[in-house]
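Heads up, the thing below is written out as structure tokens.
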Amino acid sequence: MKHIIEFDTVDLNNVFPFFLFFNADLKILDAGNSMLKIAPNCIGKPILESYELVRPHIEVLDRQNLRGICHKLIILKIQNSGIMLRGQFEHLKMNDHFLFVGSPWFESAKELELSGLNLRDFAPHNPLIDLLHVLSAQQVVNLELKELLERVNKQKNELSASQKMLKSMSESLEESNNRYKYVNKATSEAIWDWNIETGEMYYGDGYQKLFGYPINQDPNQSNLWEIRIHPDDLERIGRSMDEYIKSNHDQWEEEYRYLKADGEYAFVSDKSYIIRNTEGKGIRMIGSMQDITKRKREEQALKLMDSTVTNIQESVLITSAEKGHPIIYVNSAFTRMSGYTLDEIIGKNPKILQGPDSDQITLEKLKKAIENHASFETSIMNYKKNGQPYWVQFYINPVFDNQNNLTHWISIQRDITEIKSMNDEMVRQKKFNEDILNNIPADIAVFDPDHRYIFLNQYAIKNPELRKWIINKNDFDYAEYRGISNELAGKRWGLFEQAVEKKSTVQWIDEHTKDNKKNFILRNLYPYFEDGHLKFVIGYGIDITERKMIEIQLNEAVQSVKKINDELEQFAYVASHDLQEPLRMVTSFLTQLDKKYGVNLDDRGKEYIHYAVDGAKRMRQIILDLLEYSRVGKVNEPMRDVVLDEIIEEIKLLHQEQINELGADIIFDPLPTLKAHRTPMRQLFQNLISNGLKYHRKEVKPEIKISCIQNDKEWIFTVADNGIGIESGYFEKIFTIFQRLHNREEYSGTGIGLAVTKKIVEYMGGKIWVESVPGSGSSFFFSIPFNSDNENLG
Ligand code: ADP
């Protein structure tokens with residue numbers, strides 16, 4: 001007998017033979033008799049070891065949720081037999097124990113039979129209760145059946161709904177297939193479908209439309225893509241696609257160039273979607289290629305335009321055409337030029353660039369052009385942000401939209417401050433030059449290479465109208481205009497061509513007679529070449545009438561002097577020639593006198609005769625010397641090669657006796673051979689050598705040295721002696737006729753020798769001079785310039 005609880009379980013067995021009695025730790029303490037039939041050995045074990053809690057289904061059963069499910073429908077399943085028990089838990093508060101009261105149910109009598117139970121086990125004593133239990137069990141079965149039926153119905157409904165859905169899905173699939181077909185036909189994009197695993201490739205109708213190739217449904221055309229993509233894009237696109245296939249991304253998009261049937265490349269945008277298997281491996285790609293050539297070209301053109309406008313040297317400024325013309329764009333050249341930053345200028349009116357000295361007339365014209373929506377070009381002074389003015393070449397152009405509405409103004413500006421100041425400087429310089437040219441007292445004309453006037457100064461043509469008229473005309477036009485002969489124009493033309501051909505100045509003198517007065521103009525034509533090209537020819541004429549007059553007078557004076565000189569020379573010649581005869585007579589009669597009457601004369605008388613004869617001799621010598629002097633330059637002999645060495649030898653021979661007497665030495669370097677008149681050359685050397693011998697120092701043997709040097713234009717000869725020398729005060733005088741430094745008792749002579757040498761040297765265009773130290777010697781130098789006849793003779 002179990003007395004665990006206060007009531008007797010026997011009683012309980014009578015009413016609920018399938019009871020279970022367990023404590024709060026879920027350990028079974030007792031069980032009904034019928035229960036023990038179907039779940040033997042359950043006593044003493046945790047309830048969940050022998051029973052499974054089917055309803056409610058709770059993962060972990062503990063004291064807490066056990067209480068919560070008391071008085072609710074409990075279904076327990078006996079672990080090994082699978083028999084279901086339906087009942088409820090009761091909590092016995094007095095000892096915190098639990099009671100399960102329930103009963104098993106079966107779907108059929110067969111199941112009941114297999115369980116080993118019989119009806120008695122359900123109601124051991126009360127048949128009514130038994131019956132009730134059976135009925136209630138049946139009811140439960142019914143309830144479950146009903147539930148089952150409901151579930152079946154629900155599933156049926158769900159099935160029919162899914163069937164409907166499946167149908168509608170297949171319909172929409174077909175529709176979408178059709179749509180795909182139509183899209184494929186309608187679209188201008190080339191749709192492609194590539195099976196990555198098999199390599200099969202299909203192209204939609206758009207492929208033909210886009211690239212012009214006939215449609216080919218051969219699936220083995222995946223390599224077409226590689227063939228037709230631009231070689232420069234192939235590597236980039238191939239890599240991008242490989243990376244994409246390996247990645248876990250769905251979408252792929254690239255732009256590249258693709259070869260069309262006509263041989264041109266189209267820019268395409270290719271977008272695709274990849275289908276991956278459950279492992280994420282890409283198995284199929286569907287994409288669409290779109291021809292974006294036009295867009296790309298526009299983009300490139302825009303880019304180019306943008307870069308051009310941004311980088312152009314000229315400032316670009318765009319204003320809106322709306323009221324107030326706010327500036328909406330300026331390029332960096334503008335900000336550099338004006339000093340304004342973008343923030344400072346955008347939104348402002350371009351008037352911000354004007355200042356106190358902006359030219360109002362130009363601005364007025366600009367305003368008019370803007371009102372008329374017309375382009376306008378001008379140069380204008382603008383002001384920088386710092387107030388500094390600058391000149392711009394300014395061009396403004398209206399911009400219209402498709403509906404021909406004015407939307408913007410574009411203005412392009414170039415800084416011409418430097419050019420402007422250069423221009424101003426050039427204008428100033430030009431004026432300066434013209435002022436000078438106009439004020440020079442000379443005709444000045446500048447011709448272009450075709451001999452047309454491009455400039456004439458005031459002096460050349462006084463009348464300003466005529467001066468203006470003649471520009472771009474030539475001398476023939478002028479002759480025609482003036483109705484005068486072409487002769488002068490023709491002459492000038494010839495001279496012009498001569499100057500250009502010679503590439504050097506041509507000079508001539510024009511002679512005019514005006515008001516019975518002669519005028520002489522010295523004219524020059526100077527051709528100016530640059531890099532070998534004739535640029536212009538400058539002609540100028542200087543009035544040389546005065547100079548010419550002086551020249552004429554001088555020439556006349558020279559001529560008259562020459563005449564007088566000639567007459568004088570003639571006189572000297574005639575006089576000396578004619579004097580010889582009476583002199584001879586004087587001499588011969590004196591000689592006769594001496595012979596015949598000498599014996600009757602005393603010594604004084606003889607002395608007188610001697611002086612008279614001596615005087616007559618000297619006079620003869622003077623006359624001879626004078627004759628010689630006057631003959632200088634009057635040579636009848638031709639020029640020939642004069643070997644100076646020979647001449648010196650001849651002179652030596654002539655003076656042989658004197659040389660021997662004095663023990664003199666005459667030495668000379670090899671001397672040149674000259675083209676000259678021999679006689680005066682000989683005379684020249686002879687006079688100098690004989691002086692050298694004559695003016696020797698008493699106790700010193702004379703030594704005369706002749707030498708010659710040459711520079712770039714002349715020979716310079718030296719005849720040097722070791723004689724008595726000359727005081728420097730006489731260096732000039734001794735070359736004057738009749739000038740002697742000694743009396744004839746000391747040294748004989750007429751004082752004409754050096755005058756003759758001077759005349760000969762000067763006649764040949766040279767000079768003669770002396771250097772001397774008294775008591776030690778003199779050196780006579782004379783130069784003979786080269787002339788076309790003698791310079792190459794050595
Ligand atoms: P002349 O010898 O007949 O007097 P020149 O005209 O030859 O006339 O010379 C003028 C003068 O110059 C000479 O009287 C002499 O006083 C001086 N003179 C010329 N040659 C020499 C010389 N070699 N040495 C010194 N005095 C000279």
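Readers should treat all values here as calculations from the given coordinates under stated rules, not as data from a laboratory. Predicted, not measured: the structure shown is a model, and the values here were computed from it. Note: ideal-geometry Cβ built from the backbone for every residue, glycine included; neighbour counts use all protein chains shown.
Assorted remarks:
- Among the GluC sites (Glu not before Pro) in region 711-743, those placed in a DSSP loop whose Cβ has at most 12 other Cβ atoms within 10 Å are 727, 732.
- FRET efficiency, residue 493 to residue 528 (Cβ-Cβ, R0 22 Å, nearest 0.05): 0.75
- For residue 704, the residues whose modelled amide H falls within less than 5 Å of its own, excluding neighbours fewer than 5 places apart on the same chain, are 665, 666, 667.
- Note, ³J(HN,Hα) from phi for region 33-45, Karplus 6.51, -1.76, 1.60, rounded to Hz, x at Gly and Pro: 4, 5, 4, 5, 5, 9, 9, x, 6, 7, 5, x, 10
- Cα centroid separation, region 450-499 to region 310-375 (Å): 51
- Shape call, region 581-690: gyration tensor on alpha carbons, a/c limit 1.5: oblate
- Mean Cβ neighbour count within 10 Å, used as a protection proxy, ranking 597-608, 738-749 highest first: 738-749, 597-608
- Label-reachable residues, region 614-636, where backbone N falls under 20 Å from a point 7 Å from residue 562's Cα toward its Cβ: 630-636
- Of all lysines in the structure, those lying under 20 Å Cα to Cα from residue 517, and not within fewer than 8 positions of it along the same chain, are 548.
- Using C-alpha pairs below 8 Å separated by at least 6 residues, the relative contact order for region 323-387 is 39 percent.
- FRET efficiency for the residue 440 to residue 397 pair, using the beta carbon distance and R₀ = 45 Å, is estimated at 0.35.
- For residue 196, the residues whose amide H sits under 5 Å from its own are 284, 285, ignoring neighbours fewer than 5 places away on the same chain, with H placed 1.01 Å from N.
- Distance violations [Cα-Cα > 23 Å] among 77/146; 209/271; 167/281; 694/759: 167/281
- Summing Cβ point charges (Lys, Arg +1; Asp, Glu -1) relative to the Cα centre of the chain gives a dipole of roughly 1360 debye.
- Computed over the chain, relative contact order equals 4 percent, with contacts defined as Cα pairs under 8 Å that lie 6+ residues apart.
- Here region 655-794 is assigned +1 on the Cβ of each Lys and Arg and -1 on the Cβ of each Asp and Glu. Its dipole about the Cα centre then comes out at about 340 debye.
- For residue 749, distant residues with modelled amide H under 5 Å away: none
- Remark: region 530-544, residue by residue, has Karplus-estimated 3J(HN,Hα) of 10, 6, x, 10, 5, 9, 6, 10, 9, x, 9, x, 10, 6, 10 Hz, where x stands for each Gly or Pro and the curve is 6.51 cos²θ - 1.76 cosθ + 1.60 at θ = phi - 60°.
- Region 227-261 and region 600-642 have Cα centres spaced 130 Å apart.
- For region 650-719, the relative contact order works out to 37 percent when only alpha carbon pairs closer than 8 Å and six or more residues apart are counted.
- Value of Rg/Rh across region 668-735 [Cα atoms, Kirkwood radius]: 1.00
- Which of 753, 429, 50, positive extreme of dipole for the chain (C-beta unit charges): 429
- Residue-span extension gain [residue 773 to residue 300] - 0.36 nm each, minus C-alpha spacing: 160.2 nm
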